[in-house]
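First comes the structure, then the notes that go with it.
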Amino acid sequence: MARARQRTIGSAANQWRHVRRLADASSRRVTTPNNDTLYSSAWLDLRKGPVELTYPKASERYLSIAILDMYTNNFVVLGPRQTLGDSGRVRLVAPKERASGDEIVAPTHWVWAQVRTLVSGPEDIGVAHQLQDGLRIVGAQSPPPGPVPATTDAFEELQAIVGLLATEAPPLAGEHQLRERWEQAGLTPLGLAEVAHSRRSAIDRGLQDARNRIAKRLALSGARSGWIYPEVSLGDFGADYIYRASIATWGLGALPLKEAVYLRAIARDGQTTFPADTSFVLRFPPGGLPPARAFWSLSLYEALGDGRLFFAQNPLGRYAVGDRTPGLRTEADGSLTIWIGARDPGESRRSNWLPASGARFALVLRAYNPDPSLLNGRYLLPRVEEVP
């Protein structure tokens, strides 16, 4: 989160930064972006007093406001279900401050506010910009914090994390004893600075073991019918620290399930990425499209070696297909087939082609304001199949 803040905060805290175009292959600041909504984000510094956000009337358009603490938990989520498309405000105060009226006490001194505004097509971008311009922040001006040390060394990374915990992120409710155990074991800035070489080797091994556990948790979590289904703690993780870490490696800032469902496809060999030089299909049977009250989309990402996912250049400049994709063809019986891979499937199928680039790719399906059937397992996505 601190590194995401460093990349995206701009010149000052407590001010909106608007992304005026949909994410594409040049969007490489935050892993697994979507190609459906414009983002407006602000890093809020509550150390100098309350901060108030106001948002405009969106009517029937999807517009959501999510506010995350520095542990990536969404402690405020306002989408169409809560706002009913009307305007409103959110007023935040720092940890340990006494809230008055409708104020909300934030878990950490810094929080990340993200607004997602749906764009239905190129002709709709101007109206979405007007909604972005209707967002307001009232709060003390605050310069950006100091940079987070850049390092590829695991031990130095741990030192940076422990330093940030000591200065920016107080323990969450129920975690004070956990923090005390860390400190008694020497996990403090001073304790790590004085670690002997023999202990540092043990710490390095422990960090690598943790990374392996994180990767394994993501690979095994919630696999059903060829897709990884999110767990109920997504976006508000509680004490499920390994799951929280695994989500941060590929979907930093994920919304809770009631607001959005993120599903990642699994190949037949059990991997969460697919070879780009092989062709695949995803077939939705008649009446079997993803049940989403707001919208759904299937995004394709180039998979980097470190687990991050980004859009990549492709012949169509297309990064996702969904319920708003122009020209998408359904069969006479209402079924829908999406052709996936680096090879052009031919003129008759090109309208439903999701092109791949690079060596391997990942597929993520998003459903916003999901129907309960997508949450309780009554609806399951069809499996991504290799073209014979």
Criterion violated by A140 - all others in (1) aliphatic (A, V, I, L, M); (2) closer than 22 Å to G10 by Cβ; (3) touching a Leu at 6+ places or on another chain (Cβ under 8 Å) satisfied: (3)
Given (1) at pLDDT below 95; (2) in a strand (DSSP E or B), where does V364 come up short, assuming only one miss? (1)
Within region 161-180, which residues are of a type in the set (G, A, S) and surrounded by fewer than 16 Cβ atoms within 10 Å (Cβ to Cβ)? A166, A173, G174
When every residue in region 338-365 that is among the polar types (S, T, N, Q) and out of contact with any strand residue (DSSP E or B) (no Cβ under 9 Å at 6 or more places or on another chain) is compared, the one farthest from S297 (Cα to Cα) is S348
A128 vs. criteria assigned by TED's automatic domain parsing to the domain that holds A13, under 30 Å from S297 (Cα atoms) and either touching a helix residue (DSSP H, G or I) at 6+ places or on another chain (Cβ under 9 Å) or surrounded by 15 or more Cβ atoms within 10 Å (Cβ to Cβ) (or both): yes
Within region 195-253, of all residues that are within 16 Å of the chain's Cα centre (by Cα) and of a type in the set (D, E), the one modelled with the lowest pLDDT is E231
Assigned by TED's automatic domain parsing to the domain that holds G126 and within 23 Å of the chain's Cα centre (by Cα), is that true of L84? no
Could you tell me which of the residues P33, P50 is at pLDDT 95 or above and either outside the structural domain of G322 (by TED's automatic domain parsing) or aromatic (F, W, Y) (or both)? P50
Tell me yes or no: at least one residue of region 257-265 is of a type outside the set (A, V, I, L, M, F, W, C), free of Cβ contacts under 8 Å to residues at least 12 places away in the same chain and either out of contact with any Cys (no Cβ under 9 Å at 6 or more places or on another chain) or within 30 Å of A166 (Cβ to Cβ) (or both). no
Given V119, V111, V93, which one is touching a residue at least 40 places away in the same chain (Cβ under 8 Å), in contact with a helix residue (DSSP H, G or I) (Cβ under 7 Å, 6 or more places away or on another chain) and either aliphatic (A, V, I, L, M) or assigned by TED's automatic domain parsing to the domain that holds R21 (or both)? V119
Residues in region 72-104 that are under 24 Å from N369 (Cα atoms) and in a loop (DSSP other than H, G, I, E, B): how many? 7
Can we say L118 is surrounded by 14 or more Cβ atoms within 10 Å (Cβ to Cβ), within 17 Å of S41 (Cβ to Cβ) and either in contact with a strand residue (DSSP E or B) (Cβ under 8 Å, 6 or more places away or on another chain) or at pLDDT below 95 (or both)? yes
Might you check whether a residue that is at pLDDT 95 or above and farther than 24 Å from T249 by Cα occurs anywhere in region 299-308? no
Note on region 24-37: residues more than 20 Å from M1 (Cα to Cα) and surrounded by 16 or more Cβ atoms within 10 Å (Cβ to Cβ) are N35, D36, T37
Scan region 5-18 and report the pairs whose first residue is among the β-branched types (V, I, T) and whose second residue is buried (at least 18 other Cβ atoms within 10 Å of the Cβ) and at pLDDT 95 or above, with Cβ atoms within less than 9 Å and a gap of 6+ or a chain change. T8/S41; T8/W43; T8/W112; I9/S41; I9/A42; I9/W43
Within region 141-153, is there a residue that is free of Cβ contacts under 8 Å to residues at least 12 places away in the same chain and aliphatic (A, V, I, L, M)? yes
Going through region 181-192 one residue at a time, which ones are among the small types (G, A, S) and surrounded by 10 or more Cβ atoms within 10 Å (Cβ to Cβ)? G186, G191
Tally of residues being farther than 23 Å from L234 by Cβ and in a loop (DSSP other than H, G, I, E, B) across region 20-71: 18
Among helices (runs of 4 or more DSSP H) lying entirely in region 147-195, which contain 2 or more residues that are under 30 Å from S11 (Cα atoms) and either in contact with a Phe, Trp or Tyr (Cβ under 9 Å, 6 or more places away or on another chain) or acidic (D, E) (or both)? 154-167
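The values are calculated or read from the model by the stated rules, or taken from the named source; none is laboratory data. Just so it is clear, the structure is predicted and the values come from calculations on it, not from any experiment. Please note: Cβ atoms are built from the backbone with ideal geometry, for glycine as well, and neighbour counts cover all protein chains shown.
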